[in-house]
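Asker: Here it is: the structure, laid out below.
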Amino acid sequence: EVAFPNEDLRQTLPELVADAGRQQLRIAETEKYAHVTFFFSGGRESEFPGESRILVASPKVATYDLQPEMSCPEVTDKLVEAIGSGRFDLIVCNLANPDMVGHTGIMAAAVKAVETVDAALGRLVEAIESAGGAMLVTADHGNLEQMWDAQSGQPNTQHSTNPVPVVFVGPGRWQIREGGSLRDVAPTLLQLLELPVPKAMTGRSLLIAAD
């Protein structure tokens with residue numbers, strides 16, 4: 001007997017993009033590949049029409065404090081190439097470093113992980129601006145911003161429930177509204193793609209016109 005059967009999710013962001021005849025790419029290293037494919041597709045294993053995928057192998061180390069850069073440079077190389085190709089209307093990428101290195105609880109490695117992602121984002125901004133595109137940067141949970149547990153006096157290796165940043169890079173005069181949540185990410189991307197937001201989505205765009 002099954003207490004909670006799998007829910008067949010419909011009108012997800014990738015499904016709507018596919019139904020509109022748009023091209024999409026999912027890219028990540030091994031540690032986060034399932035997150036940008038199976039999970040992002042609402043529990044769907046197979047690709048949608050017009051969907052491409054790129055998997056970059058994560059480094060084979062015991063713990064990621066030993067290589068906090070992980071495979072971020074290689075992921076970024078392929079991502080910059082994909083942006084420059086002009087093939088894709090939507091690209092979904094997960095940069096694994098802040099989460100995976102945060103779990104080690106080692107501050108020096110965490111600093112290197114953030115520096116690595118910061119350099120990657122700088123390259124991505126240049127690529128996006130050259131392509132005339134837009135980029136939304138966010139996270140689904142905290143971790144690296146809280147590396148020490150003051151109550152236990154020990155390194156913190158767990159996810160946090162802290163609010164996460166959201167950064168928009170793109171043309172036009174936009175600003176991020178206050179009070180957003182993760183449910184607003186998909187409607188925001190649909191707005192940027194100039195696609196309608198279905199009633200099944202309870203969120204609304206994070207972007208409002210700047211004064």
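Asker: Could you go through segment 144-152 and let me know if any residue there is on the phi > 0 side of the Ramachandran plot and charged (D, E, K, R).
Answerer: There is no residue in segment 144-152 that is on the phi > 0 side of the Ramachandran plot and charged (D, E, K, R).
Asker: Further, regarding this structure: If you take the residues of segment 65-122 that are under 28 Å from Gln24 (Cβ atoms) and hydroxyl-bearing (Ser, Thr, Tyr), which of them is farthest from the chain's Cα centre (by Cα)?
Answerer: For segment 65-122, the residue satisfying everything is Ser85.
Asker: Filtering segment 13-65 down to residues that are of a type in the set (A, V, I, L, M) and in a loop (DSSP other than H, G, I, E, B), which residue is surrounded by the fewest Cβ atoms within 10 Å (Cβ to Cβ)?
Answerer: Per the stated criteria, the residue is Ala62.
Asker: Sticking with this one: Among the listed residues Ile106, Ile91, Ile83, which satisfies the condition of being in contact (Cβ under 8 Å) with a residue 60 or more places away in the chain and either β-branched (Val, Ile, Thr) or touching a Lys or Arg at 6+ places or on another chain (Cβ under 6 Å) (or both)?
Answerer: Ile91
Asker: Here is a further query. Please name all residue pairs, on different chains or six or more residues apart, with Cβ atoms under 8 Å, provided the first residue is in segment 1-19 and is on the phi > 0 side of the Ramachandran plot and in contact (Cβ under 8 Å) with a residue 40 or more places away in the chain and the second residue is surrounded by 13 or more Cβ atoms within 10 Å (Cβ to Cβ) and in a loop (DSSP other than H, G, I, E, B).
Answerer: Pairs that qualify, where the first residue is on the phi > 0 side of the Ramachandran plot and in contact (Cβ under 8 Å) with a residue 40 or more places away in the chain and the partner is surrounded by 13 or more Cβ atoms within 10 Å (Cβ to Cβ) and in a loop (DSSP other than H, G, I, E, B), are Gln11/Pro198; Gln11/Met201.
Asker: Of everything in segment 28-56 that's small (Gly, Ala, Ser) and touching a strand residue (DSSP E or B) at 6+ places or on another chain (Cβ under 8 Å), which residue is farthest from Leu90 (Cα to Cα)?
Answerer: Ala28
Asker: Could you tell me whether any residue of segment 199-209 is under 24 Å from Gly122 (Cβ atoms) and either in contact with a Phe, Trp or Tyr (Cβ under 8 Å, 6 or more places away or on another chain) or surrounded by fewer than 16 Cβ atoms within 10 Å (Cβ to Cβ) (or both)?
Answerer: Yes.
Asker: Kindly indicate whether Val56 is of a type outside the set (Asp, Glu), free of Cβ contacts under 8 Å to residues at least 40 places away in the same chain and closer than 24 Å to Gly105 by Cα.
Answerer: no
Asker: Can I ask one more? Got a sec? Which of Glu115, Glu81, Glu129 is out of contact with any strand residue (DSSP E or B) (no Cβ under 6 Å at 6 or more places or on another chain), more than 30 Å from Gly21 (Cα to Cα), among the charged types (D, E, K, R) and surrounded by fewer than 17 Cβ atoms within 10 Å (Cβ to Cβ)?
Answerer: Glu115
Asker: What number goes with the only condition from (1) more than 18 Å from Ala200 (Cβ to Cβ); (2) free of Cβ contacts under 8 Å to residues at least 40 places away in the same chain; (3) of a type outside the set (Phe, Trp, Tyr) that Arg44 does not pass?
Answerer: (1)
Every number in this text was worked out from the coordinates using simple rules, so none of it is lab data. Please read these numbers as outputs of a predicted model, since none were measured by experiment. As a convention, Cβ positions derive from the backbone with ideal geometry for all residues, glycine included, and neighbour counts pool all protein chains shown.
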